[in-house]
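The values are calculated or read from the model by the stated rules, or taken from the named source; none is laboratory data. Note that the structure is predicted; figures quoted are calculated from it, not measured. With ideal geometry, Cβ positions are generated from the backbone for all residues, glycine too; neighbour counts draw on all protein chains shown.
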Amino acid sequence: MRQVAVAEDFHGLDVVSDGSHLVITFRWKSNPTSFGVRIPLPEDPPESPWTGLPIDSLDEFVSDLVGLLGEELGTGIVYRAERVPRDGYVELVHPVPWQPDRSEFYLKPVDPREVPWSWAELKGRLRSRADGLLISWTCAVTNDEHTRFLGQARLSWDASRPLVARLGAVEVEDGVPSAVLTALARGAVHDAADAGASLVVTTQRHSALLGIGFRPVPGGDEWAIAAVDA
């Protein structure tokens, strides 16, 4: 798998068998975590791990396995999947079950033309992008023809502390369920890890942040979480 182009930010580590599954371990972007996905070994007659259709050769199995991994990575398995610590890696449990609380909205990068803010507010939010500190700026929108804005999270490098990311804003509109804020916050922490940050800090105060692992920093006004812990 190391020699095959699975996805642009995929860095293959190893492929081994545990007797019933192939275990594919890899790094993703600049995230220091070693991830792993377990795929059932082909039975007789063999079927594609991607389509479930019959296959005729090992090359076809490998080709479809690469297609499956590329599709899963492209649709966010690193963020969507349950994580289980294993010996030397973190398993991303596959397949990812349907999540009904995520079917009504999705996350996407912010397009400044789409957000309901005044020009004065928008200039402030764009400032970190202009000075090169912005890591990610994400919004949640409804999963329908209206794509209504639900909330946003903005993550930047802390200018004074190496490898520290700052969650400068995580907020939702009035009446939006807490699951949206949780998804925005967890997504921002994952973005921090993918960028190579070791710590995420914030002065925001939401119970959802405690729910994903943020904790008060003793003697200060910040909450913090290790970037690989969400």
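Just one of the listed residues (ALA195, ALA188, ALA183) is touching a helix residue (DSSP H, G or I) at 6+ places or on another chain (Cβ under 9 Å), buried (at least 17 other Cβ atoms within 10 Å of the Cβ) and closer than 22 Å to PRO109 by Cα, namely ALA183.
Conditions tested, residue by residue: (1) on the phi > 0 side of the Ramachandran plot; (2) at pLDDT below 95; (3) under 24 Å from the mean Cα position of the chain (by Cα); (4) not in a loop (DSSP other than H, G, I, E, B).
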| position | (1), (2), (3), (4) |
| --- | --- |
| PHE26 | no, no, yes, yes |
| SER30 | no, yes, yes, no |
| GLU43 | no, yes, no, no |
| TRP50 | no, yes, yes, no |
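Suppose we keep only residues that are in contact with a strand residue (DSSP E or B) (Cβ under 6 Å, 6 or more places away or on another chain) and in a helix (DSSP H, G or I) within the stretch 74-98. Which one would you say is nearest to ARG186 (Cα to Cα)? Filtering first and then ranking leaves VAL78. The set of residues in the stretch 142-164 being within 30 Å of GLY196 (Cβ to Cβ) and basic (Lys, Arg) consists of ARG154, ARG161.
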